[in-house]
Amino acid sequence: MAKPIELVINGTHYSSQAPPETPLLLVLRDELGLTGTKYGCGEGQCGSCTVLLAGAARRSCQIPVSAAAGKPITTIEGLEQNGRLHPVQQAFLDAEAFQCAYCTSGMILSSVALLRQNTNPTDAEITQSLQGNLCRCGTHPRIVEAVKYAAKAVRERAQ
Amino acid sequence: MNRIREKISEKSPAQFPHVMMEPERYELSAGSIHQFALHRRAFFKLMGAGVAVFAVAKDALTLQETAPGPRIQPPELPNEISAWLHIGEDGSVTAFTGKVEVGQNVRTSLSQTVADELRVPLSTVTLVMGDTELTPFDMGTFGSRTTPTMGPQLRRVSAAARDLLVGIAAKEWNVPAEGLKAANAKVSDPASGRTASYAQLAHGKALAQSLPGEDPVTPPPEWTVAGKDAPKAEGRAFVTGKHQYASDLRPSGGYIGKVLRPPAFGATLSSLDDTAAKALPETVVVRDGNFVGVAAPSEHQAQRSLAALRAQWNEPSTAASQISNRELFTYLKQNASEKHDERGRKQAGSIEEGLASAAHRLNATYTVAYIAHAPLEPRAAVAEWKDGKLTVWTGTQRPFGVRTELAATFHVPEASVHVLVPDTGAAYGGKHTGDAAVEAARLARAAGRPVKVVWSREEEFTWAYFRPAGVIEVKSGMAADGKLTAWEFHNYHSGSSGIETPYSVPNVHTEYHSVPLILRCGSYRGLAATANHFARETHMDELASAANVDPLEFRLKNLSDARLRAVLEAVAKSVGWPRQKTKEGQGFGIAGGHEKGSYVATFAEVAVDRGSGAVRVVRLVTAFECGAIVNPNGLRNQVVGANIQGLGGALFEAIEFAKGRIKNPHFASYRVPRFHDLPEIEAILIDRKDLAPAGAGETPIMAVAPAIGNAIFDASGVRLRSLPLVPIGLQRA
């Protein structure tokens, strides 16, 4: 039996029994039941599985669980605080920046990572940050708008 | 098992006598109409006391008479029910429909429809969708039919429920019902000032009523909840990750299932060595005909088991199985059926005479590639057998069709199969079949526990069905005054949807020619209307160019359809057509059409770099009219979304294949639109409150490709007649 891997997800400590090379995505979804993070391709091409690993947006399907050990991980389930949506979640909801919404978790996490670096991104910077996230329903313009709303909310909150 | 499935797929798709099924819906093989198994007593037991109303489908009796197989006749409720609704003792409203939510936002728009007609706040309405035991039979969520058919049915049910509540109040107050008013979930009597909430009126009742097909319903100008923006139903669950798609379900004690795929389409299993796989702990291996699958407690174990299988396959050697993209179009043309297919066939006047009298004549051939739907949530299903009964949760557009497929595959009555469809991670016409459901159910039966099957992206790109490729030949003639004199249009394989020209032509011949399948094909958003619009609207542009007339002016000159003129004119007005070019490489194009009761026109601006061949779509403006708009915000999402999705098929999407193998089954090699590809997009929505609402999920995609192709011609002088237009940029002519 392999040594358990200690994970810190949304501030909670977990111990995973999975083999060390198991993609973090599978541990999140199948072992820990955090199914808000989605499988879209398993190849790092679609961004559906995006999580924050030590604050950076990463494709959890491409990260062996052992590489995530001990580092803070944020998934979509960890953004809401005390019943209050994260500004990015609120902006996506307000702008209705989704259709089937299967890409939404990944889009939100990529956007959160962007806004942590840059609270006033240009359209080009948003587009660049989300280039690795696919939306097959074609909701892209609203997603860009939502990120801008969220950025504004984040800036106002900081004041 | 596979033998049975083959048998099913051999059935003619045109089994619904009242619907002329489009030929390109190759995947549809459903046959029977089903009876719901829910009795009145059971219904109230499930829902609690209150008031219930059932709607009878207008054509249900015809369907009933032609339905094969044994009939179960529930004694207390009519069979031909299309929708029903329940008002609980707490005033909560639950409406039931067999339609499903796949991102097109009908959970919201149908809820608005119910709230509007019942006169209740939207927040009190819950929709139960796509559950074969709770919702009435429905053929499927396709063909842009939810809004025009389910909308009115739910309106009739809601109107009848309202009347029922008014009737209860009238009886209790001993006043005529005519003087009472229903509004804001209350019945009131203006004469006496008395009011009673729907909750009070439903209290202690177990009243059920069915109704005839035609009840007066509220006309669009009087709508209060419908016709306005409404936020997506249960939107918060999607931004918090709480919504569970079929692929997210984790039944207790469940296994993960994997299927061993053949190396090529049509390959059959010649031998299997599963010794190593069976030796693995907690592993279930199933071989049934050509089906080989495994199930194990985790994804990791299931993958290891799958990898341990050693299989030998026989690949087919027929001519069709050997071809690749290169020979595809020649093959399609050479192997077309000689028999006339009546679907989409039209002949009037004489093409010869029309051409003889023409001042300009044009022949051109257009092609469209196979493309994939690539919904972000791949096919997924969780199946569980309990006491001989099968329950399957799956993402499909046809819950009842999948029930039929499962019942036939496993030789069980349909009453023993329960299919539930959680709101699904998109479909675009691609989830009409129950592939993952059948696979999960087969493995679950062997494992004796629930099994989940989620297709990998590669499986999704390889084993799901594709939008059919096709060849379209057009021959036309135009008089010196710019009027069309002849129009001959042949579509090989791609399909007959949208094949008829909306332009006025005295001599016309349109025909679809079927060709045996090479790859698995089926429905895709808009069906062949996208291909047929591409060919037609490109050809119209070519004619205009040959006669040196403005392409919009030329279209309008040949067009009497006022609704199509209106969308073209709306776009023209918005962009200031005809436009003067202001920079090198700039080009403008326009295209339009109608399908399934809605009308579209799209303007495209492109920037072409003749040096590098790079083509950039700078701007798309689409005018869309689908009668009265139910939810403008949701509609805008669909129209813009269809434009962006259409960008992929227009510019670069194509399935590459050879000898039954898909060569680009990954997002890295099959390019779909990403943020960098986004043009500026504008949707002009025309709200026709004088017209009944039509569906809107499909038609807005149809004019994108020809508008872009026409713009590329305007920019470069290069006429492109194949979709995708510029997979590797614009080549030198």
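The residues of the range B:440-458 that are within 13 Å of chain A (Cβ to nearest Cβ) and outside any strand (DSSP E or B), listed by number, are B:W455, B:S456, B:R457, B:E458.
In the list B:G709, B:G649, B:G697, which residue meets the criterion of being within 14 Å of chain A (Cβ to nearest Cβ), in a helix (DSSP H, G or I) and touching a helix residue (DSSP H, G or I) at 6+ places or on another chain (Cβ under 8 Å)?
Every option except B:G649 fails the conditions.
In the set (1) facing another protein chain (nearest Cβ under 10 Å); (2) surrounded by fewer than 24 Cβ atoms within 10 Å (Cβ to Cβ); (3) touching a Gly at 6+ places or on another chain (Cβ under 6 Å), A:S105 fails one condition alone, (2). State which residue is farthest from A:H140 (Cα to Cα) when the search covers only the range B:621-646 and only residues that are more than 10 Å from chain A (Cβ to nearest Cβ) and surrounded by fewer than 22 Cβ atoms within 10 Å (Cβ to Cβ). Applying the filter and picking the extreme gives B:A628. Considering the range A:108-137, and only residues there that are more than 26 Å from B:G634 (Cα to Cα) and under 12 Å from the mean Cα position of the chain (by Cα), the residue that is farthest from the other protein chains (Cβ to nearest Cβ) turns out to be A:A113. Filtered by the rule that a residue be at pLDDT 95 or above and assigned to a strand (DSSP E or B), the range B:297-345 gives B:R310, B:A311, B:Q312, B:W313, B:N314, B:S324. Among the residues of the range B:313-321, none qualifies, meaning not one is in contact with a helix residue (DSSP H, G or I) (Cβ under 6 Å, 6 or more places away or on another chain), over 29 Å from B:R457 (Cβ atoms) and either surrounded by 15 or more Cβ atoms within 10 Å (Cβ to Cβ) or hydrophobic (A, V, I, L, M, F, W, C) (or both).
Every listed requirement among (1) modelled with pLDDT under 95; (2) under 22 Å from B:A426 (Cα atoms); (3) not small (G, A, S) is met by A:T139 save one, (1). Taking into account only those residues within the range B:254-296 that are farther than 16 Å from B:L443 by Cβ and within 34 Å of the chain's Cα centre (by Cα), which is farthest from the other protein chains (Cβ to nearest Cβ)? For the range B:254-296, the residue satisfying everything is B:T268.
Only a single criterion out of (1) in a loop (DSSP other than H, G, I, E, B); (2) of a type outside the set (S, T, N, Q); (3) crowded, with 24+ Cβ neighbours inside 10 Å; (4) in contact (Cβ under 8 Å) with a residue 60 or more places away in the chain is not satisfied by B:A381, namely (1).
Conditions (1) within 28 Å of the chain's Cα centre (by Cα); (2) more than 14 Å from every other protein chain (Cβ to nearest Cβ); (3) exposed (fewer than 15 other Cβ atoms within 10 Å of the Cβ), marked per residue:
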| position | (1), (2), (3) |
| --- | --- |
| B:A199 | no, yes, no |
| B:A208 | no, yes, no |
| B:P216 | no, yes, yes |
| B:V239 | yes, no, no |
| B:Y245 | yes, no, no |
| B:L249 | yes, no, no |
| B:S252 | no, no, yes |
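Please indicate, with yes or no, whether at least one residue in the range B:85-98 is in contact (Cβ under 8 Å) with a residue 24 or more places away in the chain, among the hydroxyl-bearing types (S, T, Y) and surrounded by fewer than 24 Cβ atoms within 10 Å (Cβ to Cβ). Yes, the range B:85-98 contains a residue that is in contact (Cβ under 8 Å) with a residue 24 or more places away in the chain, among the hydroxyl-bearing types (S, T, Y) and surrounded by fewer than 24 Cβ atoms within 10 Å (Cβ to Cβ).
Scanning the range A:92-102 for residues being more than 7 Å from every other protein chain (Cβ to nearest Cβ) and either outside any loop (DSSP other than H, G, I, E, B) or surrounded by fewer than 24 Cβ atoms within 10 Å (Cβ to Cβ) (or both) gives a total of 2.
Checked against (1) out of contact with any Phe, Trp or Tyr (no Cβ under 9 Å at 6 or more places or on another chain); (2) part of a strand (DSSP E or B); (3) of a type in the set (S, T, N, Q); (4) not assigned by TED's automatic domain parsing to the domain that holds B:S545, B:T391 meets all criteria but (1). Comparison of B:G627, B:G641 shows that the only residue that is assigned by TED's automatic domain parsing to the domain that holds B:I708 and assigned to a helix (DSSP H, G or I) is B:G641. Within the range B:403-428, if we keep just the residues that are of a type in the set (G, A, S) and more than 14 Å from chain A (Cβ to nearest Cβ), the residue that is nearest to B:L390 (Cα to Cα) turns out to be B:S416. Of the strands (runs of 3 or more DSSP E) lying entirely inside the range B:161-205, those containing at least 1 residues that are more than 17 Å from B:L118 (Cβ to Cβ) are B:186-189, B:194-197.
For the range A:34-47, state whether one or more residues are more than 10 Å from every other protein chain (Cβ to nearest Cβ), more than 14 Å from A:N133 (Cβ to Cβ) and surrounded by fewer than 23 Cβ atoms within 10 Å (Cβ to Cβ). No: the range A:34-47 contains no residue that is more than 10 Å from every other protein chain (Cβ to nearest Cβ), more than 14 Å from A:N133 (Cβ to Cβ) and surrounded by fewer than 23 Cβ atoms within 10 Å (Cβ to Cβ). On the stretch given as the range B:346-380, residues that are over 30 Å from B:P506 (Cα atoms) and away from every other protein chain (no Cβ under 14 Å) total 2. Being of a type in the set (D, E) and more than 14 Å from every other protein chain (Cβ to nearest Cβ) is the requirement here; does B:E299 meet it? When the stated conditions are applied, B:E299 does not pass them. Test A:G55 against the criterion of being touching a residue at least 60 places away in the same chain (Cβ under 8 Å) and more than 14 Å from every other protein chain (Cβ to nearest Cβ), and give yes or no. Here the answer is yes, as A:G55 does meet what is asked. With the condition kept exactly as written, say whether any residue in the range A:18-29 is in a loop (DSSP other than H, G, I, E, B), out of contact with any helix residue (DSSP H, G or I) (no Cβ under 8 Å at 6 or more places or on another chain) and either modelled with pLDDT of 95 or more or within 7 Å of chain B (Cβ to nearest Cβ) (or both). No, the conditions are met nowhere in the range A:18-29.
The values are calculated or read from the model by the stated rules, or taken from the named source; none is laboratory data. What you are looking at is a predicted structure, and each value in this text was computed from that prediction instead of being measured. Here the Cβ is made from the backbone with ideal geometry for all residues, glycine too, and neighbour counts use every protein chain on show.
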